[in-house]
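> Submitted below is the structure of interest, expressed as structure tokens.
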Amino acid sequence: MSTENVVAAKYAKALLALAREEQMADQIQQELELVDQYFARGGGQVLFSHPLLSLEKKTQLIKRILGEQVSPLIFSFIRLLLEKRRGQLLGLIFTIYKSEWLEQQNRKLAKITTAIPLSPGQIQRLHKRLHTIYEGEIEVQQVVDPLVQAGARLEVGDLVLDGTLQARFERLRRVMYPEN
Amino acid sequence: MKISPAEVTEVIKKQLEGFTGQADLEEVGTVLQIGDGICRVWGLQGAMSMELLELPHNVYGMVLNLERDNVGCVLLGDYAKIKEGDPVKRTRRIMEVPVGRQLLGRVVNTLGQPVDGRGELAAGYKSRPVERRAHGVVDRQPVAEPLQTGIKAIDAMIPIGRGQRELIIGDRQTGKTAVAVDTIINQKSTDVFCIYVAIGQKQSTVAQVVKTLEDHGVLEKTIVVVAGASEPAPMLYLAPYAGCAMAEDFMMQGQHALIVYDDLSKHAMAYRQMSLLLRRPPGREAYPGDVFYLHSRLLERASKLNAQLGGGSLTALPIIETQAGDISAYIPTNVISITDGQIYLESGLFYSGQRPAVNVGLSVSRVGGNAQIKAMKQMAGRLRLDMSQYRELAAFAQFGSDLDKATQAQLARGERMMRILRQPQYAPMPVEEQVVILFAGTSGFLDDIAVPEISRFEREIVAFMRQEHRALMESILQKGTLDADRQEQIKEAIKAFKQKF
């Protein structure tokens, strides 16, 4: 196992333990997702490891970007990461945090992506079907993304069932233009 | 020009063959970390070792490390556009390459795609997985058929059999590739197909080899697999396995194939690079622990199949480059212990003009003796004896000039035999001609000819025998033995020739 994984797992587990003590593990997860969107993916990574910015400056900038959207726990966590020069691990920590949290609760997250919102009845039917396949609690999260055009994409853990028009077009493109 | 709509429809229909609009259940992970051609993927719990993964921008990866919650893979192709968070799909396939006769005469890369600018491969080729378990004991039979290299020093003293693995080892610039290329050229009129795998070499060097093969008319029965020095390490790592899969296809059809791995030192280095980047623990000389298995599983695939399986064979000639003649370094000792013998080339011999620079003392062939025609075996026994006596005396004779007659005769004989074993590049010699010239040497017919004249004598007697005694030459090749009667005939012929010389 690589060193990064070991280190990131330690941070993630510590954060999760703290969050559970304060009864806000779910909230922290959502906030982490936000932080992840801002920083880990995309260009925000540069801010974390930039050699010319002081620690104070970085913390100020992050505070200004996130503002009131996250709890103080997240701020102090990010500050700790920056102090220990582990900023680049944020994405990995988030990933591990999420999977640990779901695992601890014996809960699975099912993400359904469609172009238009599904009706509550449809979601309930999906929930019922998933229950027959998976053990434990299943949480259906709905995402509306007009880019998928039509159809639906269901993601549970690593498994993806992609029946969207977007994916079909992509497969068609691959058949017709395999080289690019 | 008029284009009919029907034609257009036909083309589109063809392209759409195999396309299904059905949604498949896929396993998707995300890129955690990427760099130096290595990628860590979160998820993919079900991924297999060596499985191909599909990344965006038409890049493929191959799984090498399976860890608790992530997999480490190497990337094949241009990974510059891939970034963290990208989706990675499982393909549930092990890497495959195209195989078959369509590849003959072509220069292809590790993935089997042509790189010689002569268009796509002809249609109808099959595919084979690059990695497969070698044949077991029951599937094999002993190596007993010769694979003639056309090089006197090798065919006489270090014979190679079909299905054997013979290492070619030596420093840089000692003619290792030349020995391999000569062997390929000598297969021109045999039923052996050749595969030349260039690993980590300069493109110019490979182009030179391809040109040589083309000039000698053997390219049409050769496949050249190139993983050049500018290609990423995973391509270098996979090249020999890809070449081996192509060669195995001939073997499985009951035919004979010869594969040259040029060279496995660079292959080991590419694997070391990948392993270190994947953070596998380094061992001796920073090579990973499984570097022995890397080469043993490759070379073990060379074999002579039994009659039930068609009796095909795959002969492997791996090449190893040593540093300053050090054959006790890690990789050379590994490969020496895996192969069935080695041809040791020395720079000292090379620069003193003894080319091919084969050190006959250190070179051995552990199975080749059975794979020699009888006539050659008869000659080789005496030659080996003469040579070993010469080596012993040559060192001793440097100290004094007062030598008795017998010793002087021995030295003179040895000197002439050494001269006989010289051979120009790209000039392989048929085995029956080798037998005649070795017979002349070991029977003492050359003892009264000045050493500088030996090469001319050799050239002319071969031409003479070819012209005047064609039937005798053919009978040597067909019967394979030199009985007393035939020996007498050769003696007479040589005597007759010497009178004119």
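The values are calculated or read from the model by the stated rules, or taken from the named source; none is laboratory data. Only a predicted model underlies this, so the values are computations on that prediction, with no experimental measurement involved. In this analysis, Cβ positions are derived from the backbone assuming ideal geometry, glycine residues included, and neighbour counts consider all displayed protein chains. Only protein heavy atoms, including side chains, enter the accessible area calculation; ligands, DNA and RNA are left aside. Shrake-Rupley method; radii C 1.70, N 1.55, O 1.52, S 1.80 Å.
> Counting Lys +1, Arg +1, Asp -1, Glu -1, what net charge surrounds B:F445 among other residues with beta carbon under 12 Å of its beta carbon? Present the calculation step by step, with values, prior to reporting the outcome.
Details: positive: B:R413, B:R416, B:K491, B:K495, B:K498; negative: B:D447, B:D448, B:E458, B:E492.
Neighbour charge sum, excluding B:F445 itself: +1.
> Also: Rank B:I34, A:I28 by accessible area, highest first, at a 1.4 Å probe radius?
Values: B:I34 50, A:I28 0 Å².
Per-residue accessible area, sorted high to low, gives B:I34, A:I28.
> Let me ask you something else. Compute the length gained on full extension between B:Q22 and B:Q308: take 0.36 nm times their separation in residues and subtract their Cα-Cα distance, giving the result in nm to one decimal. Numbers along the way, then the final one.
Values: separation 286, 0.36 × 286 = 102.96 nm, distance 4.35 nm.
Between B:Q22 and B:Q308, full extension yields 98.6 nm more.
> State whether the range B:254-396 is rounded, prolate or oblate according to the following rule on the C-alpha gyration tensor (a ≥ b ≥ c being the square roots of its eigenvalues): a/c under 1.5 gives rounded; otherwise a/b larger than b/c gives prolate, and the remaining case gives oblate. Walk me through the numbers on the way to the answer.
On the way: a/c = 2.74, a/b = 1.27, b/c = 2.15.
Note, shape of the range B:254-396 comes out oblate.
> Be a star and scan the range B:77-107 for residues whose amide nitrogen sits under 12 Å from the point 7 Å along the Cα-to-Cβ vector of B:Q113.
Taking a point 7 Å out along Cα→Cβ of B:Q113, the residues of the range B:77-107 whose backbone N falls under 12 Å are B:77-79.
> To the nearest 10 square angstrom, how much accessible area does B:C73 have with a 1.4 angstrom probe?
Accessible surface of B:C73 is approximately 0 Å².
> Taking the Cβ of B:Q164 as the centre, find all other residues whose Cβ is under 9 Å away and add up their charges (Lys, Arg: +1; Asp, Glu: -1).
Numbers: positive: B:R162, B:R165, B:K304, B:R366; negative: B:E166, B:D340.
Charge balance near B:Q164 sits at +2.
> Now for a different question. I'd like the FRET efficiency for A:F169 and A:L73, computed as 1/(1 + (r/R0)^6) with the beta carbon distance as r and R0 of 45 Å, rounded to 0.05. Before the final figure, lay out each step's value.
On the way: r = 43 Å, r/R0 = 0.96.
Calculated transfer efficiency: 0.55.
> What whole-number value in Å² describes the accessible area per residue of the range B:337-488 for a 1.4 Å probe? Spell out each step's value before the answer.
Values: 7660 Å² over 152 residues.
I get 50 Å² per residue for this part.
> Could you name the lysines in cross-link range of A:K63, using Cα to Cα under 29 Å and dropping any fewer than eight places away on the same chain?
A:K10, A:K13, A:K84, A:K98, B:K83
> Could I ask something else about it? Report, to the nearest whole %, how much of the accessible area of the range A:84-180 belongs to carbon and sulfur atoms, 1.4 Å probe, protein only.
Working: 3200 of 5960 Å².
The computed percentage sits at 54.
> Using only the Cα atoms of the range B:151-208, build the gyration tensor, take square roots of its eigenvalues as a ≥ b ≥ c, and label the shape rounded, prolate or oblate: rounded if a/c is under 1.5, else prolate if a/b is larger than b/c, else oblate.
Verdict is oblate for the range B:151-208.
> Tell me, which residues of the range B:24-62 get at least 40 Å² less accessible area when the other protein chains come in, versus the chain alone (1.4 Å probe)?
Listed by number, the residues meeting the 40 Å² cut-off are B:L25, B:E26, B:V28, B:L32, B:W42, B:N58.
> Now a separate question. Taking the Cα centroid of the range A:101-116 and of the range B:265-286, what is the distance between the two, rounded to the nearest whole Å?
40 Å
> Please calculate how many Å² of accessible area the range A:1-116 carries per residue, with a 1.4 Å probe and no DNA, RNA or ligand atoms counted. Each step should come with its number before you reach the end.
Numbers: 6340 Å² over 116 residues.
Result: 55 Å² per residue.
> Turning to a different aspect of this structure: Taking the alpha-carbon centroid of each part, what is the distance from the range A:49-80 to the range B:125-203 in angstrom?
63 Å
> Here is a follow-up. If you take the accessible area of A alone, add that of B alone, and subtract the area of the pair, what total do you get in Å², probe 1.4 Å, to the nearest 100? Could you put the intermediate results ahead of the total?
Details: alone 11940 and 23330 Å², together 32880 Å².
Adding both sides of the contact gives about 2400 Å².
> What shape does the protein assembly as shown have by the C-alpha gyration tensor, where a ≥ b ≥ c are the square roots of the eigenvalues, rounded means a/c under 1.5, and otherwise prolate means a/b greater than b/c and oblate the rest?
Details: a/c = 3.35, a/b = 2.25, b/c = 1.49.
Judged from the Cα gyration tensor, the protein assembly as shown comes out prolate (a/c at least 1.5, a/b above b/c).
> Quick check: net charge around B:R301, other residues with Cβ under 9 Å of its Cβ, Lys/Arg +1 and Asp/Glu -1? The partial results should precede the final answer.
Working: positive: B:R132, B:R133, B:R297; negative: B:E248, B:E300.
Surrounding charge for B:R301 is +1.
> Compute accessible area for the range A:1-29 by itself and then with all protein chains, 1.4 Å probe, and report residues whose area falls by 10 Å² or more.
Residues losing area: A:M1, A:S2, A:T3, A:E4, A:N5.
> Under 5 Å between amide hydrogens, which residues at least 5 positions from B:I168 or on another chain qualify, with H placed 1.01 Å from N in the peptide plane?
For B:I168, whose amide H was placed from the backbone, the distant partners under 5 Å are B:I319, B:I320, B:I343.
> A further question on this structure: In nm, what is the difference between 0.36 nm times the number of residues separating B:S204 and B:Q487 and their Cα-Cα distance?
Values: separation 283, 0.36 × 283 = 101.88 nm, distance 4.78 nm.
Once the chain is fully extended between B:S204 and B:Q487, it gains 97.1 nm.
> While we're here: At what distance in nm do the modelled label points of B:A409 and B:N370 sit from each other, each positioned 7 Å from its Cα along Cα→Cβ?
Each label point lies 7 Å from its Cα, and together they span 3.8 nm.
> Related question: So who's got an amide H within less than 5 Å of the one on B:L258, skipping anything under 5 residues away but keeping other chains? H placed 1.01 Å off N, in plane.
B:F193, B:C194, B:I195, B:T315
> Describe numerically, in nm with one decimal, the distance between label points set 7 Å from Cα along Cα→Cβ at B:A123 and at B:K211.
In this crude label model, B:A123 to B:K211 measures out at 3.6 nm.
> Please sort by residue number the trypsin sites (Lys or Arg not before Pro) in the range B:130-221 whose DSSP state is loop and whose Cβ has at most 13 other Cβ atoms within 10 Å.
Within the range B:130-221, the qualifying trypsin sites (Lys or Arg not before Pro) (loop, at most 13 other Cβ atoms within 10 Å) are B:R133, B:R172, B:K202.
> For a quick check: with amide H placed at 1.01 Å from N, whose amide H comes under 5 Å from B:R128's, ignoring anything fewer than 5 positions away on the same chain?
It is B:V97, B:V99, by chain and number.
> On to the next question. Among the GluC sites (Glu not before Pro) within the range B:1-63, which fall in a DSSP loop and have no more than 11 other Cβ atoms within 10 Å of their own Cβ?
Details: sites: B:E7, B:E10, B:E17, B:E26, B:E27, B:E51, B:E54; in loops: B:E17.
Hits after loop and neighbour filter: B:E17.
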